[in-house]
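Read-outs: derived from the displayed coordinates by stated rules, not from any lab. What you are looking at is a predicted structure, and each value in this text was computed from that prediction instead of being measured. All Cβ positions, glycine included, derive from the backbone under ideal geometry; neighbour counts span all protein chains shown.
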Amino acid sequence: MNNNSFLNKLAKVIIADYSDNFSDLVVILPNRRAKVFLIDELKKETIQTIFSPEIISIEDFVQDIAGIRSIDSVELLFEFYNVYLSITEKDQESFETFANWAKTLLQDFNEIDRYLLEPEKILKYLENIKEVEHWAVDIDKRTDLIDKYLIFWKKLPLYYHSLYNYLLNKGIGYQGLIYREAVDNLNHFSETIKNKKFLFTGFNALNHAEEKIIQHLLAIDKAKIYWDIDETFLNDPFHDTGLFQRRFKSTWPYYKTNPYEWITNDFKQEKNIQVIGTPKAIGQAKIVGEIIEKQSIQNEGKLQNVAVVLGEESLLVPILYSLPSNVDALNITMGYSSKNNPAQLLIAKLFKAHTNAISRNASSYVFYYKDVLDILTHPLIEPYINAKELVNRINQNNYTFIVHKRILELQENQNELFQLIFQKWDSSSVAILENLSQILLKIKSNLSSDNEEEKITNAFVYSIFKVINKMISYFSSNSNIDSVETLYAIYKQVIDVAEVSFEGEPLNGLQIMGVLESRVLDFETVIITSVNEGKFPAGKSMNSFIPYDVKKEYGLPTFKEKDAIYTYHFYHLLQRAKNVYLLYNSDSEGLDAGERSRFITQLEVEKQPNHNLTFQTYNANVPEIAHQPLVIPKSEKVLLRLKEIAEKGFSPSALTTYIRNPIQFYFQRILRISETDEVEENIAVNTLGTIIHGTLEELYKPFIGKILIENDIKICIKNIDDEVLKQFKLVYKEGEIKKGRNLLAFEVAKRNVLNFLKLELEAIQNGDEIQIIALEKPLGRILEHPSLPFPVKIAGNVDRIENRNGRIRIIDYKTGNVTKPSVTLKSWNGLTEDIKNDKIIQILAYAFMYEEDAKGLEIEAGIISFKNLKNGFLPFGFKEGKETFEVISPEIMESYIEEIVVLLNEILSVDVAFEEKI
């Protein structure tokens, strides 16, 4: 805290003028947070032990005057619904519908009361406006919708008075009600204060109720008020920072005979102000981290005089992750919307999973795998339930939908948290909420109170725990809601008005706060984020039923006053600071886009002589070369692995993988890295291919070695349905195959097999003699060549080998679309350099492997493409001039081997590194 700070100056005055009678002194501040800072300043100003004066926030003080307990927005919403039901005899709305308009109406009630307006006047005014809007609609032609709409506006005074009286009878209230009651109770309060003296300190904008209370105490000489305004703003009639205080100074009777205290001259002093634009919120978070790191080094790790003020609360989590490791103490004081709270996101996932599980099947409880994985991998759950094995089983077995019992069977070591998460939800709202409450308690017990990060997580969890418990209290006595969907809708409405309150040790370490929490406080170094229009200041959005002109007429705050409040907060942060960093999102496109704040322009236009104002734009460091190809030299271990592969066998697909990308070959074949298992919700093309391959193998297996006849094929056709289903279950495991896209894939597989068998039947009917020699046969052959460093085995599985009309035919099935040019070659040069030759390389490899077993019979090798079945078997062909040779002659095989040897030499050479192809 600065030595010339407002609180330091206040502490000196308190010690000098009131130390004789601290017990009668009450210091009132704009917020609770400043109390600890003021006490710290009092400590610095005295060397003896003293009793501190009473220090409270304005809200607590007004509650004391009114004698009414404040309730939060969640409790208020429930109480208002009770009132609404009690005064609405027919057409009662559900809570979720009611909450949509009630939240806005409560804000308007609050404003009406805080500004001491007559509710009948304002609310009647609204009714008349709505009536006028529909004046053109003939009464006889008005619809039920219009009538209901106008009845709603007529009922506003009834809603207001019913709620007001209901809360008053319970001794509780929202802020506006408490303020109105405090004003009504002022005279009685004045009689009870005896010798007490009240110091109002550090205020700026006041509502009418606050003005009335303070002026009353000033008039009876029971109070003093100390403002904190710089003369630069107070004396400028157009500067919004001084908007409210210029009015107070000129209109309050107190200032006809008393000085206006305190007017300072700090803003014009020397300051370094850096304005930094960077794209996106995450860019700001990174820059905050860099600034904090520099500050920590300069101040030898002490960051008590540094404050990060968030213009937009959602930046909190990115900033926490961007802070340097040398920040050992941290204090967060701000309200944070529950919408982005990780504990709230977990509850939302639980609602989604269980709601879907219940609605999916009336007779059983069936979870969708994504819902389950979302919960199991949530950071508040994953470390504490040992569910890694369960996640793997779901992925490996392709579970798309999992019945409740099966989940419990799949998780072997179930702890209490796991059981609570997957406990069946019955129809009782209270039971569901109590289950959620228990889950949050269990999560809380897993968090450490010593770890800074876990303390923050604890605050997130506790805030949602409080909301859930309020809902339990409400539903226990008020609700008969038995639908999980309705309960979730209500939860979402309630969470909209709930906030996470962070409370730390304000005197210790780096300060992170919201804009409102910065009131009264002064720091040497201030970092303000999101200094964009619509963020800081917040913009013209008015969540209210009361139109602008009505607010203007009755003295309610409009966006003009709200802008002035933001302006004061902004300039107060700069007032005594020496180093200021203003960060804004410079991105002009996308959802998060925006222009820099007018405050920045104002600083530029009204630049003070002692202000060093600089502007910078930070963009992500984009390297000149976006991606450097990966190059991996061949080490001794790599060469040993290559020799091992050569002994076991290079498959045709391994060779084509190398041609496609040597780095891919390195990862898959040398390092043996395989893709991680994931649930295949919709059947992939390669899975479909595996199913078709498996089906044809099983259908033809009984006929290996014999000459096929028509009846054999008919038997196969008859068994298609059963065999395809069997293969689906074998390959796709627990996946859903009777619905949606998968049902279509199932039918496609059957159709492809049927069409293939029809082709086969037609060939037999046309006189072809077909004898199946092998199906899915593993083949292998040693390739010895003078230029190879050692013999290399070529090995792989061939889909089908047959003797057709006295010629060996080697067939490779492809589920994709293959055409004749893909298996036709014009020149051997560069065969292994171009990946478009991959199919030729593969089918000739099969021919090479089977050549010795052919016993002198002619060989042809080719592809049957299921997307090009009308062209039947597509054999390899070598084209010379106008003639194409389809029989694989010794000359063709020799030319092929020469090309393969070149490729193998490159793969095996120690001098040729694995280099990534881009």
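Amide hydrogen proximity for D812: with H placed 1.01 Å from N in the peptide plane, the residues at 5 or more positions away or on another chain lying under 5 Å are G862, I863, I864.
Each of S473 and N766 was given a label point 7 Å from its Cα along the Cα-to-Cβ line. The distance between the two points is 8.4 nm.
Placing pseudo-labels 7 Å out from each Cα toward the beta carbon at E382 and L744 gives an inter-label distance of 3.3 nm. Remark on the stretch 386-450: ratio of C-alpha radius of gyration to 2.2 N^0.38 Å is 1.30. How far is the Cα center of the stretch 274-345 from the Cα center of the stretch 702-729, in Å? Computed from Cα coordinates, the inter-centre distance equals 67 Å.
Positive-end ranking of L510, Y850, I39 along the dipole of the chain, with charges on Cβ about the Cα centre, is headed by I39. Distant-in-sequence amide contacts of T264, defined by a placed amide H-H separation under 5 Å and a gap of 5 or more residues or a different chain, comprise I229, D230, E231. Across the stretch 412-470 the C-alpha pair distances fall into 5 Å bins from zero in the proportions 4, 18, 24, 21, 18, 10, 4, 1 percent. In a DSSP loop and with at most 15 other Cβ atoms within 10 Å, there are no chymotrypsin sites (Phe, Trp or Tyr not before Pro) in the stretch 321-412. Efficiency by 1/(1 + (r/R0)^6): what FRET value for S337 and R69, r their Cβ-Cβ distance, R0 = 35 Å, to the nearest 0.05? Efficiency at R0 = 35 Å is approximately 0.90. In this calculation the C-beta distance from K706 to K643 is compared with R0 = 51 Å, giving a FRET efficiency of 0.75.
From Cα pairs below 8 angstrom and at least 6 apart in sequence, can you work out the relative contact order of the stretch 441-500, rounded to a whole percent? Show your work: numbers first, answer last.
On the way: 21 pairs, mean separation 19.0, N = 60.
Relative CO of the stretch 441-500 lands at 32 percent.
Here the dipole of the stretch 69-180 is about 300 debye; that uses its Cα centre as origin and unit charges on the Cβ of Lys and Arg (positive) and Asp and Glu (negative).
So, by mean Cβ neighbours within 10 angstrom, what's the order for 161-168, 222-229, 306-313 with the highest one leading? Spell out each step's value before the answer.
On the way: 161-168: 17.2, 222-229: 20.9, 306-313: 23.0.
Result, highest mean Cβ count within 10 Å first: 306-313, 222-229, 161-168.
Between N413 and N397, the contour length at 0.36 nm per residue exceeds the alpha carbon distance by 3.9 nm.
Beyond 19 Å, the tail of the calculated P(r) for the stretch 116-271 holds 69 percent of the Cα pairs. So how tilted is helix 175-184 from the main axis of the chain? Cα-based, degrees 0 to 90, rounded to 10. The answer is roughly 10 degrees. Here the spin labels are modelled as points 7 Å beyond Cα on the Cα-Cβ line, and at K222 and N235 they lie 3.7 nm apart. Calculated on the Cα set of the stretch 69-180, radius of gyration then Dmax: 15.0, 49 Å.
Let me check I've understood the local charge: for S437, count other residues with C-beta under 13 angstrom from its C-beta, Lys and Arg +1, Asp and Glu -1. What total comes out?
Working: positive: K442, K444, K466, K470; negative: E434.
Residues close to S437 contribute a combined charge of +3.
Per the Debye formula on identical point scatterers at the alpha carbon atoms of the chain, with no solvent, log10 I(q)/I(0) at q = 0.06, 0.10 Å⁻¹ is -0.67, -1.19.
Which angle from 0 to 90°, rounded to the nearest 10, does the C-alpha axis of helix 156-170 make with the longest principal axis of the chain? The answer is roughly 80 degrees. Translational diffusion coefficient of the stretch 348-501 (Stokes-Einstein, Kirkwood radius from Cα pairs, 20 °C, 1.002 mPa s): 130 µm²/s.
Quote the relative contact order of the stretch 348-501 in percent (integer), defining contacts as alpha-carbon pairs under 8 Å separated by 6+ residues. It comes to 21 percent, rounded to a whole number. Based on the reciprocal of the average 1/r between different C-alpha atoms, the Kirkwood radius for the stretch 877-918 equals 12.7 Å. Take every DSSP beta bridge whose two residues both sit in the chain; close to 35 percent of them are antiparallel. Comparing S338, T819, V912 along the charge dipole axis of the chain, the residue lying farthest to the positive side is S338, per the Cβ-charge model.
Kirkwood Rh over alpha-carbon pairs of the stretch 771-910, then Stokes-Einstein at 25 °C and 0.890 mPa s: what D in µm² s⁻¹, rounded to an integer?
Working: Rh = 15.6 Å.
Answer from the Stokes-Einstein relation: 157 µm²/s.
Ranking L323, N165, T241 by Cα position along the charge dipole of the chain, where only Lys, Arg, Asp and Glu carry charges on their C-beta atoms, puts N165 farthest toward the positive end.
Over all other residues within a Cβ to Cβ distance under 11 Å of I214, the charged ones net out to +1, with Lys and Arg as +1 and Asp and Glu as -1.
Given +1 on the Cβ of Lys and Arg, -1 on the Cβ of Asp and Glu, and no further charges, what dipole in debye does the chain carry about its Cα centre, rounded to the nearest 20? List each step's numbers first, then the result.
On the way: 104 positive and 129 negative charges, 121 e Å.
Approximately 580 debye in magnitude.
Where only DSSP H runs of four or more residues are counted, the chain gives -15000 deg cm²/dmol as its mean residue ellipticity at 222 nm, each run worth -39500 (n - 2.57).
In a fully extended conformation the segment linking Q616 and L730 would gain 34.9 nm over its present Cα-Cα distance, using 0.36 nm per residue. Restricting the stretch 1-107 to GluC sites (Glu not before Pro) that sit in a DSSP loop and have at most 11 other Cβ atoms within 10 Å of their own Cβ leaves E89.
Taking 8 Å as the Cα distance limit and 6 or more residues as the minimum spacing, I'd like the relative contact order of the stretch 771-910 as a percentage. All intermediate terms of the calculation are to be shown ahead of the outcome.
Details: 238 pairs, mean separation 34.9, N = 140.
Relative contact order of the stretch 771-910: 25 percent.
Compared with the alpha-carbon gap, the fully stretched path from I673 to K90 is longer by 203.2 nm at 0.36 nm per residue.
As an exercise, use a Förster radius of 30 Å and the Cβ-Cβ distance of S787 and V631 to find the FRET efficiency, rounded to the nearest 0.05.
Once the sixth-power term is evaluated, E becomes 0.75.
Separation of the stretch 656-672 from the stretch 376-426 is 36 Å, based on Cα centroids.
With Cα atoms as the point set, the radius of gyration and Dmax of the stretch 45-98 evaluate to 20.9, 69 Å.
About its Cα centre, what dipole magnitude does the stretch 771-910 give when the only charges are +1 on Lys and Arg Cβ and -1 on Asp and Glu Cβ, stated in debye to the nearest 20?
Numbers: 17 positive and 21 negative charges, 146 e Å.
Here the size comes out at about 700 debye.
Taking 22 Å as the limit for the C-alpha separation, the pairs K103/K154; K444/K466; K339/K535; K339/K466 never exceed it; all remain within the limit. Averaging the Cα positions of each part gives two centres, and for the stretch 90-133 and the stretch 834-874 these lie 80 Å apart.
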